[in-house]
Structure formats: structure tokens, C-alpha cells
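Below is one structure; the comments refer to it alone.
The values are calculated or read from the model by the stated rules, or taken from the named source; none is laboratory data. Since the structure is predicted, the reported quantities are computational estimates derived from the model, not experimental observations. As a convention, Cβ positions derive from the backbone with ideal geometry for all residues, glycine included, and neighbour counts pool all protein chains shown.
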Amino acid sequence: MLICHVINSLNRGGAETHLFDLITEQIKNNNVVKIVAIGPDSKNIISLENEIANLGINIQRLNGPRMFNVFSYFSFANYLNKENIDLIHSHQPRSDFMIFVLKRFSKRISNIKWIVSVHGKYDTYLEENKFSNIFRKIFMKRLSKFWGNASSIIAISDEVKEWIYNLNPSLNTVVIPYWVNKNSPKEIDTNELVIGFLGRINKNKGIEDLLDAISNFDLKEESIKVNIGGYGNVDYVDKLRESIREENSDCINFLGYVEDREEFFNEVDIFVFPSFSEGLGLVLLEAMSYSKICITRDTKPMNTYISSDTGYLFHNVDSLIQKINLAINDLKKDYSVIEKKLSNIDKKLEKSRVEKIFPKFQEVYKNE
């Protein structure tokens, strides 16, 4: 089967990392894979282009600005016709929109099977720009109608499936989550604990709540270090830095974009994921795969992976303070609690292995 994946860019994020894992397995199963990136990669975030190219996959780049360049549509249509694609699998709304337009105006492309993967609840993410939030809600409502032209809709979680249903109840959606590989954890040094966060630095990720909670700790006195990994708007990151208590400033490190995730997780003892809204939260699964004690907001879908059996859940800043204190106390004084949580994490992740999940994609691809 000749499969063409279409995605906004190849900057490493949850959707892009999942795509890389998916095409790796598809090649192992003797599929021919091609990729179309409809826009350029950001210079501030690592691109997966080289890793994908090393798999022997051809990457077709369209001209920006993404879905608003009419010449990109002609170039894209010509590419799809020339390559004799059997199946198009699009990821992210802009890519979905372009495929919908091409299928509507090209008879050849209209006959190609189309799969849509929905990687998040796209109109629920908090942003400073109110106009962008309003436009996104209008666009997603319209796009959900276009999804009805696809052969199958894949949601990465039950929460995303419910979100899709609320947009368009007529869509039939199948849930296929991301998978993760188990990694070897590093032994915890309770003499100096490291609290970690990894993700985009923005309001939606709840980073402000984390820093508010951290401000209640005397980090130097309690031998706690905080590592904050991820790219964010420079002005916003500067604002966050200014909010930090002076006595804690030497103990809080803004790492910027993290290329070596293994090194990051090996330094972390407690991983805090305070995001308000996620489709799934791949970074949370990654933290679990490194056997990290996780604290996350008590909201779906994060609380389907983390519970009191596997970690700690919080509702607001006050409860986040309590759960950080509880995790530190368990690590230092009652490690049997931690061992039980880590054992339960391993059991939870058994359902997130590639052997369990990849066959679900094959099933969707084969269904007519």
C-alpha cells in the first residue's frame, strides 16, 4: 500500500512524534510511505526531517503560507496524481482542510481513501488572543462538517472523541491512542529532588499554576531544583521569570527547547503536568515510561492515566502545593508508596505498547 501522510510541519510535537512512530511501524510492515508537509518548520523547535529521511521516506514540501497559498493546491494535486497514492492520512486541521478542498475539485483525488487523525481538542486551548480563540471555534465547527467526507476519523483519546461528537454528532470516530516504549529509569537521589515540566510554555499548559505553587517552597532550603523545558514566546517567558521569588530564582531553570528528552527525564524525580486541556498529552506518557512520579491536573484524558494508584491529581494551586508536598514526603519517608505507584504505572502502560495499538491502525486502513 502506498500511503501519503499530510501534516502542517515536521517540528517535533505530540502529533509529529506519533507520526514518526507510526511510519516507522508501517515501513516494517512493508508499506510504502510518503510525507507532505504543507508549511515550513520553525527554527525554534527541532525538526524530525532528518530522522524521517533516514527511514528512506520522501518528503514533499509545499510553499507557505500553508493552506492560503493557491499554488500549493496545484502543486499538491499534481504530486498526489503523479505518485498514484492509495491512501491519504492527514494530521492537524490545516492539512485536513487542504485535502477536503483537493478531493472536492479533483476526480482522481476524490477516489483516494482519506483517513483523518484528530490529535487534540483544537478549539479548547487557551490563548492570549481572543480573536484567534473565536476564529478557531468557528473554523473547527466548519471543518468537522468536512471530516464527514473522510473514510475514517481517528481520535487519540475518548475525550477527543467526545469533543468531535459535540462538534458533529454524525461522525463515526474510532479511538486509537499514542503508544510509548518502556525506558530504563534512573535511581532517585532524595537528597536533591528535581521537579520537572516539559511542554510548550504557554497559558494553556498551566505553567503559571506550577510557578505559583512552587513559590510556596523555599527551594534552596529544601534542596529542590525545578527544570522547565519547552519553547515559549520570549515576552511570556520573561514575564514568568519576573514572577519568581528572588530567593528561588537560582533553583528554577528555564531550559528552552529540549532536544534530549532522555537526559531531561533522567534528571527529573517528580514530573508535573498542569495542562488545562489536552487531546492526550504524549509527554505525560513519556514521563510514565521513564517511571517518573507524575502530578497532573484532575481532568480528562490525563486522569485516565494518572490516578491515586499511579501518581497524584490536583484541582487548583492549593491542591497542587499539597500534592507536591505529599510526593516529596513519600519519596523521602515512605518509598513503599512510590514503589506501588510505579508498579501500577507499568501495568497501565501495558495497554500503551506498540504491539497493542499499531494493529488498530492496520484495521482502520483495511476497512472500506
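Under the condition of being in contact (Cβ under 8 Å) with a residue 24 or more places away in the chain and β-branched (Val, Ile, Thr), which residue from segment 54-103 is nearest to PHE20 (Cα to Cα)? Selected residue: ILE57. A search for C-beta distances below 9 Å between a residue of segment 26-37 that is within 20 Å of ASN8 (Cα to Cα) and any residue that is of a type in the set (Asp, Glu), counting only pairs 6+ apart in sequence or on different chains, returns LYS34/GLU83; ALA37/GLU49. On inspection, GLU192 passes the criterion of being exposed (fewer than 15 other Cβ atoms within 10 Å of the Cβ), acidic (Asp, Glu) and touching a residue at least 12 places away in the same chain (Cβ under 8 Å). Scanning segment 199-231 for residues that are part of a loop (DSSP other than H, G, I, E, B) and within 20 Å of GLY279 (Cα to Cα) turns up GLY199, ARG200, ASN202, GLY206, GLY230, TYR231.
Of the helices (runs of 4 or more DSSP H) contained entirely in segment 232-290, those carrying at least 3 residues that are hydrophobic (A, V, I, L, M, F, W, C), within 20 Å of the chain's Cα centre (by Cα) and modelled with pLDDT of 90 or more fall at 282-289.
In the condition set (1) buried (at least 18 other Cβ atoms within 10 Å of the Cβ); (2) under 23 Å from the mean Cα position of the chain (by Cα), SER42 is compliant with all but (1).
Against the definition (small (Gly, Ala, Ser) and either under 22 Å from HIS91 (Cβ atoms) or assigned to a helix (DSSP H, G or I) (or both)), how does SER343 come out, yes or no? So that I can check it myself, show each step before the final result.
Details: small (Gly, Ala, Ser): yes; either under 22 Å from HIS91 (Cβ atoms) or assigned to a helix (DSSP H, G or I) (or both): yes.
Criteria met by SER343.
Taking residues in segment 154-167 that are under 11 Å from TYR122 (Cα atoms) and in the same structural domain as LEU22 (by TED's automatic domain parsing), and partners anywhere that are of a type in the set (S, T, N, Q) and not in a helix (DSSP H, G or I), the pairs with Cβ atoms closer than 6 Å and at least 6 places apart or on different chains are ILE164/THR173. Within segment 307-338, the set of residues being touching a helix residue (DSSP H, G or I) at 6+ places or on another chain (Cβ under 7 Å), surrounded by 14 or more Cβ atoms within 10 Å (Cβ to Cβ) and in a loop (DSSP other than H, G, I, E, B) comprises THR310, GLY311.
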